[in-house]
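I have placed the structure first, in the form of structure tokens, so that the comments after it can refer back to it.
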Amino acid sequence: PPTTNVRLRLHYPALVQDSADLYGKVLMVEAQASVWLTRIGLTSMSTADQRMLETFLIAPVPHGGSGT
């Protein structure tokens with residue numbers, strides 16, 4: 001439910017490694033096209049994980065991708 005605190009670990013397949021713990025809070029949950037969409041606001045992460053996530057945000061969408 002919204003306002004739930006969460007701890008996440010991400011797996012980076014290209015690097016064959018996992019992230020450190022990332023912390024966040026559930027912002028909203030909604031049904032969308034017969035699946036559940038959960039938005040989480042990240043509240044704390046290591047500098048290395050922040051840099052990694054930023055590369056995902058600026059990386060070009062692969063050819064044929066939907067962009068979402």
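Please specify each residue of region 1-31 satisfying the condition of being in contact with a strand residue (DSSP E or B) (Cβ under 6 Å, 6 or more places away or on another chain), outside any loop (DSSP other than H, G, I, E, B) and surrounded by fewer than 13 Cβ atoms within 10 Å (Cβ to Cβ).
Within region 1-31, ASN5, ARG7, HIS11, ASP18, LEU27, MET28, GLU30 meet the criteria.
List the residue pairs whose Cβ atoms are under 7 Å apart, where the first residue sits in region 37-58 and is over 13 Å from SER19 (Cβ atoms), the second is open to solvent by less than 60 Å² (accessible area, probe 1.4 Å), and the two are 6 or more positions apart or on different chains.
THR38/VAL26; ARG39/MET28; ILE40/VAL6; ILE40/GLY24; ILE40/VAL26; GLY41/GLY24; THR43/GLY24
The values are calculated or read from the model by the stated rules, or taken from the named source; none is laboratory data. Since the structure is predicted, the reported quantities are computational estimates derived from the model, not experimental observations. We place every Cβ from the backbone using ideal geometry, glycine too, and count neighbours over all the protein chains shown. To get the accessible areas, we keep the full protein, side chains included, count just its heavy atoms, and leave off ligands, DNA and RNA. Shrake-Rupley method; radii C 1.70, N 1.55, O 1.52, S 1.80 Å.
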